[in-house]
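Structure first, then comments.
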Amino acid sequence: MTTHVFIVDENTFKYHLEYLFAGTGSKENKIDFNNSQTSSLHHSTESSLIGLMADGCRVRKDDLIIFYLQASWQHEGTFFGTFQAVADGIFLDNYSPRQFLLKKLCKSLTFRLLIKPYEVYREGVTEWEALDEIKGLTSPNQMLWSLIYRKLKGNRGNTMITIYESERLIDLLRKKNKFKYFAKNIKDFSYDCDTNSIISINNHFQYTGLQTPINIIPRLINKYNSGKAFEAHLQMYITQNLGLGTNLTLERALGITNKEVEWLGNEVSCGVGMQRIDVMFSIEESKSKRMLYPIELKAVGAYEDNTRQLNRYIDWLEQYYIPNRISIIQPVLICKKDYPLSDELKSNFHNFNKRNGILPLIYIEFEITNNNIIFNTVRY
């Protein structure tokens, strides 16, 4: 399962715990493109919001949720956990004066999901303990790079971390609390700012806000047909549907039909620069065979620079990911169906395969037919 870290402050954390939900948002933008072909928002604003939606749409039922409480004058930045997602993905509670908890939160959290207690620990782990202290580590690749990169680059309110990073962070929480967490029958929690800790409470708060389903397909199709950029929309569509059997052409093209996705990420940082893997997921086929799929997405036809980007991702994965969780890398390139592959591109793909000495690149093209997104593997 994937672990997702949500960023909160002293005020919002209290209400996340009391009403058992997690959420992200962007100022006071009203989403007008959900289940709609058009939008009045500037394209950059829309893409930014779609990015937040993609982050939430990668969540799957029973995924783990950890909160990162931002630093204040009273305390250091602190990680608290752990909770679980109640259902797949997120829902929309659009910005309006009637948005649930808007006045209490003092900010608009548009994209939300319900959570339930898992192993809830009273004390949190400080940012210094999690990210800076290297006691017990034998190599730099064992550090929590997903969270370090998030700290360097900022702006994401929901960051996924890898399975081995999650295991380390949860181990730190367990040891900090001497392996004692709240009893399973305790369901009601809040945050005590004075002690900087999670507390149990006697009051029960019921979440009663809007839970509007998210549907980006009409907007994606409109942008596809009008020749406008839609790569962010495609990424969101894939994070929302991958592994759920809702688009069988995607899973057949990837060769994962009837296989369970154990971890899913998007915009996976792989360096201190701006390079990010569009989508990445892993499958544990057996105890001795794990598959890791880094995916490069393009809303246009394929071109030679695509493999340069994939090379960079693979180099990073081999140095930082594989030593922590041995896996077979299966690179994937997904592009818009445009024109037949040229001999030069085919040669480029073959050279890519020879250089890396890993599984051959899976090349997939997509098109929209009868309002359906169809994915097909292309032989080269």
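A few points about this structure:
- Within segment 103-126, tally of residues that are open to solvent by 40 Å² or more (accessible area, probe 1.4 Å) and either assigned to a helix (DSSP H, G or I) or of a type in the set (Asp, Glu) (or both): 3
- Qualifying residue in segment 147-167 (condition: crowded, with 18+ Cβ neighbours inside 10 Å, farther than 30 Å from residue 49 by Cα and aliphatic (A, V, I, L, M)): no
- Any hit, segment 162-184, residues being under 19 Å from residue 317 (Cβ atoms) and either over 24 Å from the mean Cα position of the chain (by Cα) or aromatic (Phe, Trp, Tyr) (or both): yes
- Restricted to segment 274-316, and to residues there that are hydroxyl-bearing (Ser, Thr, Tyr) and farther than 18 Å from residue 335 by Cβ, the residue that is farthest from the chain's Cα centre (by Cα) is 288.
- Selected residue (only one of 110, 78 is under 15 Å from residue 197 (Cβ atoms) and either touching a helix residue (DSSP H, G or I) at 6+ places or on another chain (Cβ under 7 Å) or not acidic (Asp, Glu) (or both)): 78
- Subset of segment 339-380 [modelled with pLDDT of 90 or more and small (Gly, Ala, Ser)]: 342, 347
- Residue within segment 172-186 that is under 16 Å from residue 68 (Cα atoms) and open to solvent by less than 50 Å² (accessible area, probe 1.4 Å) present: yes
- Condition met for residue 239 (surrounded by 20 or more Cβ atoms within 10 Å (Cβ to Cβ) and either assigned to a strand (DSSP E or B) or in contact (Cβ under 8 Å) with a residue 24 or more places away in the chain (or both)): yes
- Scanning segment 58-74 for residues that are open to solvent by 10 Å² or more (accessible area, probe 1.4 Å), touching a residue at least 12 places away in the same chain (Cβ under 8 Å) and not charged (D, E, K, R) turns up 64, 68, 70, 71, 72, 74.
- Look at (1) surrounded by 18 or more Cβ atoms within 10 Å (Cβ to Cβ); (2) touching a Phe, Trp or Tyr at 6+ places or on another chain (Cβ under 8 Å); (3) outside any loop (DSSP other than H, G, I, E, B) and you find that residue 131 fails only one, number (2).
The values are calculated or read from the model by the stated rules, or taken from the named source; none is laboratory data. It should be emphasised that the depicted structure is a prediction, and the values quoted were computed from it without experimental measurement. Using ideal geometry, Cβ is built from the backbone for each residue, glycine included, and neighbour counts are taken over all protein chains shown. Quick note on the areas: whole protein, heavy atoms, side chains included, nothing else; ligands and nucleic acids left out. Shrake-Rupley method; radii C 1.70, N 1.55, O 1.52, S 1.80 Å.
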